[in-house]
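> Pasting a structure below so you can have a look.
Read-outs throughout are calculated quantities, based only on the coordinates presented, and are distinct from any laboratory measurement. In this text the structure is predicted, and so the values were computed from the model without any measurement. Here the Cβ is made from the backbone with ideal geometry for all residues, glycine too, and neighbour counts use every protein chain on show.
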Amino acid sequence: MSHFSFPPTAQSALPVAIALIPLYIVARIVYRLTWHPLAIIPGPKLAASTSLYRAYYDVVCDGEWSEHLHVLHERYGTVVRVGPNELHFSDPNAYADIYGTGSTFPKDEKMYRCFGSSKSVFGQTDFHQAQKHRAALGPLFSRRATLRLEQEIQKHVDHLISQLLTYQKASKAADLHLALRSVTLDVVTSYCFGSCFNALDYAGFAHPVAISMDATLHLCWLFKHIPILRTLTDNCPQWIGLALMPATKGYYDQANQLGAQIDEILENPQTLTNSEHETMYHYFIEHQGQKHGLPGVKREESQQMTTQEKAQLRLWLLHEGLNLRFAGSETVGNACTLASFYILKDQFVKKRLVDELVGAWPDVDEPMGYEELEKLPYLTAVIKEALRLSWGTVTPMPRVVGPAGGVVAGLSLPPGTTIAMGNTIMHRNPDIFPDPLQFIPERWLRPDSAATLDRYLVAFSKGPRACIGINLAWCELYLILGNMFRKLELTDDGHSSLKDLEFREYFIPLYRGHHLHAYVEKRDQ
Ligand code: HEM
């Protein structure tokens, strides 16, 4: 007998255990289809049986889930069981119950861990822990703080205009998609970290971070459905990651850059005094961190921190930084690109917008601030419509019902149920937004629109986990679009079509079509 053979009992138990696996799987499926508390909710049987149903649409169909949800609601009604433990809603009232004021549902760990920033405000799934983070970071994004930093934002917008004007001399079309991605990247990095990526200075606006995002975003669904891949990626040496996926270079570059900045600050917090304005580091390190029970530190105490404490704080700041960079640039960039697309395609919209801007801002050499721009009704309507059709996030943001159960749209839900309602479902509801796929700024000009429409614009989500950067986002949208269409005569190069706005769903929309390009001239009057 071999020295390595199993004892007789284990030897006979192993085949039995193997034989029981299929039985267990079948029993689980039967349970899910019959006795499970969600068994009465309509939906595809396959979805109720296994989460591989969703994985198929996420991974194999390349980010097709949110589109598939529209089909499911057509077929099954306003509540659909889309996974063994998961419901998706389309009733507009459900949105308020899931996300609105008073909602304390935690975020779904299975989804949010795939982004690899669990310590950030965004990645914090626990409701109460997230509120502490929001209390610490919130003041950086208050309206007052944004107004204080308006000139900083304007500086980048001015640079965008002058960089676009270089295309006038070169007589070639500028890549507006990358230009807008670059300006939002520069704004968010200088606003949050006090050190700018200078993406606008790259030839063709092709900063590696702007490029790498599109090239790596699709990995998130693999990470979600095979979590070990996330763990391996986070822990493997960078050179292996780079060898396997050269497109991750931009991601690693920014993580290294941010990491170096954090190390410097932790080593010598006095460097914060040299900063031109307050950044996320000031809010966490100086004012708020400790106050809210987070691993914050006061400047003078940082020298006494143990290596372990420093590592904890470093990871926390890194996650926050990486997330803010992502959350703050792609979203605003997408909304600006989409607005530009429709403005350039529709001469009526363009004329009405330019007329309004020229009328309100006759002398282009005089600055026009955010607070004046936000009073312009047509510009406001264009921005709202662009937010509606750029969706914010396109993946329904999953929340989990707590141990006490919950009620959504009048339906009682058992503990542990994952619930969501996607922004595309809300923004494409024809009862709220007739002709939902058409870009119609005029819908926001109706006298009753503030009362009837505003609450259904959910691009920033709603409630206690809504976008923390909303004030900064609005300010950027007004300054970028207001300045671009007042100061420049932009003409579509004729190569983009509606097809290019078709997206794959990777939490945010991923546009793979031809980038919007435009010829640029200076507007004289
Ligand atoms: C047009 C621009 C923007 C849109 C449409 C947008 C949309 C959203 C949405 C829908 C969420 C909720 C995500 C979820 O529940 O999983 C969110 C959260 C968040 N956003 Fe934004 N966002 C924008 C700009 C920004 C900016 C400029 C920043 C900051 C630099 C920012 C930072 C955040 C953060 C930190 C969260 C997480 C909040 C939490 O989980 O409590 N966003 N955003």
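> Let a ≥ b ≥ c be the square roots of the eigenvalues of the Cα gyration tensor of region 110-177; is it rounded (a/c under 1.5), or, if not, prolate (a/b larger than b/c) or oblate?
Details: a/c = 6.30, a/b = 1.89, b/c = 3.34.
Cα axes put region 110-177 in the oblate bin.
> Only helices at least 20 Å long along their axis, Cα-based, and averaging 0.5 or more on Kyte-Doolittle count here, so list those DSSP H runs from the chain. Please list the in-between numbers first.
On the way: long enough: 8-34 (39 Å, 1.21); 150-170 (31 Å, -0.72); 176-193 (25 Å, 1.08); 249-267 (26 Å, -0.79); 307-345 (57 Å, 0.07); 470-487 (25 Å, 0.65).
Helix filter hits for the chain: 8-34, 176-193, 470-487.
> Among 183, 354, 16, rank each residue by its count of other Cβ atoms within 10 Å, from fewest to most, as a rough exposure measure. Walk me through the intermediate numbers first.
Details: 183 29, 354 16, 16 8.
By the 10 Å Cβ count, ascending: 16, 354, 183.
> Once phi is turned into θ = phi - 60°, what whole-Hz ³J(HN,Hα) does the Karplus curve with 6.51, -1.76 and 1.60 give for every residue of region 427-437, x standing for Gly and Pro?
With the stated coefficients, region 427-437 comes to 6, 9, 6, x, 6, 9, 10, x, 6, x, 8 Hz.
> Please work out the Kirkwood hydrodynamic radius for region 426-525, using every pair of different C-alpha atoms, and report it in angstroms with one decimal place.
Details: mean 1/r = 0.0601 Å⁻¹.
The answer is 16.6 Å.
> Then there's this: How long are the semi-axes of the ellipsoid equivalent to the chain, from square roots of 5 times the Cα gyration tensor eigenvalues, in whole Å, largest first? Let's see the in-between values first.
On the way: eigenvalues 335, 185, 104 Å².
The equivalent ellipsoid of the chain has semi-axes of 41, 30, 23 Å.
> Right, next: Jot down the per residue volume, in cubic angstrom and as a whole number, of the convex hull over the alpha-carbon atoms of region 153-249. Show your work: numbers first, answer last.
Working: hull volume 11.7 nm³, N = 97.
For region 153-249, the hull spanned by Cα atoms encloses 121 Å³ per residue.
> Here is a further query. Hey, any idea what the orientation-averaged projected area of the convex hull of region 342-484's Cα atoms comes to, in nm²?
Details: hull surface 40.8 nm².
With the hull built on Cα positions only, its mean projection is 10.2 nm².
> Could I ask something else about it? List the longest stretch of the chain that has no exposed loop site; here a site is one of the trypsin sites (Lys or Arg not before Pro) assigned by DSSP to anything other than H, G, I, E or B, with at most 16 other Cβ within 10 Å.
In the chain, the maximal stretch lacking such sites is 1-171.
> Right, something else. When Lys and Arg each count +1 and Asp and Glu each count -1, what net charge do the other residues less than 12 Å away from residue 65, Cβ to Cβ, add up to? Provide the component values of the computation, followed by the final result.
Values: positive: 54, 224, 504; negative: 58, 62, 64, 67, 86, 505.
Result for the neighbourhood of residue 65: -3.
> Across region 95-139, what fraction of all alpha-carbon pairs, as a whole percent, falls in each successive 10 Å bin from zero upward?
Cα pair-distance distribution for region 95-139, in percent: 28, 51, 21.
> For region 44-119, what Kirkwood radius comes out of the mean inverse Cα-Cα distance, in Å? Could the numbers behind the result be given before it?
Numbers: mean 1/r = 0.0722 Å⁻¹.
After inverting the pairwise mean of 1/r, the radius is 13.8 Å.
> Sum up the charges of everything whose Cβ sits under 14 Å from the Cβ of residue 39, counting Lys and Arg as +1 and Asp and Glu as -1, but leave residue 39 out. Walk me through the intermediate numbers first.
Details: positive: 28, 32, 45, 81; negative: 86.
Once all neighbours under 14 Å are counted, the net charge is +3.
> List every residue whose amide H lies under 5 Å from the amide H of residue 503, counting only residues 5 or more places away in sequence or on a different chain, with H placed 1.01 Å from N in the peptide plane.
Here nothing satisfies the definition.
> Follow-up question, since we're still on this one. Classify region 321-374 as rounded, prolate or oblate from the Cα gyration tensor: take a ≥ b ≥ c as the square roots of its eigenvalues, call it rounded if a/c is under 1.5, otherwise prolate when a/b beats b/c and oblate if not. Walk me through the numbers before you get to the answer.
Numbers: a/c = 3.77, a/b = 1.48, b/c = 2.54.
Oblate shape, in that a/c is at least 1.5 and b/c is the bigger or equal ratio.
> Taking the beta-carbon count within 10 Å as an exposure proxy, list 470, 508 from fewest neighbours to most.
Details: 470 15, 508 22.
Final ranking by Cβ density, sparse to dense: 470, 508.
> Next up: What range in the chain is the longest one free of chymotrypsin sites (Phe, Trp or Tyr not before Pro) that are in a loop by DSSP and have at most 15 other Cβ atoms within 10 angstrom?
By the stated rule (loop sites, at most 15 other Cβ atoms within 10 Å), 36-525.
> Quick one: Debye curve from the C-alpha atoms of region 21-81, no solvent, what's log10 I(q)/I(0) at q = 0.13, 0.15, 0.16, 0.24 Å⁻¹?
Relative scattering, expressed as log10 I(q)/I(0), comes to -0.39, -0.51, -0.57, -1.01.
> Considering only DSSP beta bridges whose two residues both sit in the chain, what percent are antiparallel, to the nearest 5? Please report the intermediate quantities before stating the final value.
Working: 21 of 24 bridges.
The antiparallel fraction comes to roughly 90 percent.
> Give, rounded to the nearest 20 debye, the magnitude of the charge dipole that the chain has about its Cα centre when Lys and Arg contribute +1 at Cβ and Asp and Glu contribute -1 at Cβ. Working shown, then result.
On the way: 49 positive and 55 negative charges, 319 e Å.
Dipole size: approximately 1540 debye.
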